[in-house]
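Undergrad: My questions will all concern the structure given below.
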Ligand SMILES: CC(C)(COP(=O)(O)OP(=O)(O)OC[C@H]1O[C@@H](n2cnc3c(N)ncnc32)[C@H](O)[C@@H]1OP(=O)(O)O)[C@@H](O)C(=O)NCCC(=O)NCCSC(=O)c1ccc(O)cc1
């Protein structure tokens, strides 16, 4: 599968009073990381919406395992890839690594299920799932 790796500097604004990252900030980072994965496949978010006449890929399920805390000034690496495509839904995994004394350590694992959606054919104010296009599956399944 196509993998996107990006480095994120943990800022003071990400942290709580205990000086560790407040967990919702990670979900924002994961959402952005999913957009960057699609960008690596060739489509910025707006381009994807235009190219396939969709509304987006909203979240229907998400969770994370927090293994090692991070604090302001840490540079963490977020590795993101799709793990499974189904008809209209797909799973995304994020792994957050931070430097340790013996190399990178896995600090967090994030899991998402998203659905490929367009405007509902009977009501433009609603959304409706659509099959994920072959081109999207092909590019996001590329090995690199
Ligand atoms: C996404 C939906 C429109 C899909 O509904 P329908 O169009 O009726 O389709 P279905 O119920 O048949 O489900 C479609 C598929 O999703 C799967 N699905 C639906 N719900 C779930 C849950 N909860 N878990 C796992 N899989 C699910 C379902 O199994 C189908 O899978 P496939 O076999 O692969 O097709 C509807 O479930 C919905 O509106 N859910 C709420 C979504 C929401 O409010 N999310 C949170 C905020 S939005 C958001 O975060 C966001 C992120 C990025 C964006 O670009 C936009 C918005």
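Readers should treat all values here as calculations from the given coordinates under stated rules, not as data from a laboratory. Since this is a predicted model, take the numbers as computed values, not measurements.
Undergrad: Could you give the length gained by full extension between residue 139 and residue 71, i.e. 0.36 nm per residue of separation minus their alpha carbon distance, to one decimal place? Please report the intermediate quantities before stating the final value.
TA: Working: separation 68, 0.36 × 68 = 24.48 nm, distance 3.48 nm.
Taking residue 139 through residue 71 to full extension adds about 21.0 nm, to one decimal.
Undergrad: Express in nm, to one decimal, how much length is gained between residue 31 and residue 50 on full extension, taking 0.36 nm for each residue of separation and deducting their alpha carbon distance. Write out the running numbers ahead of the final one.
TA: Details: separation 19, 0.36 × 19 = 6.84 nm, distance 1.95 nm.
So the extension gain works out to 4.9 nm.
Undergrad: Go ahead and estimate [θ] at 222 nm for the chain from helices alone: -39,500 (n - 2.57) per DSSP H run with n ≥ 4, summed, over the residue count, rounded to 500.
TA: Working: 3 runs with 34 residues, N = 144.
My calculation for the chain gives -7000 deg cm²/dmol from helical runs alone.
Undergrad: Using just the alpha carbons, could you tell me how many Å³ per residue the convex hull of the chain encloses?
TA: Dividing the Cα hull volume of the chain by its residues yields 120 Å³.
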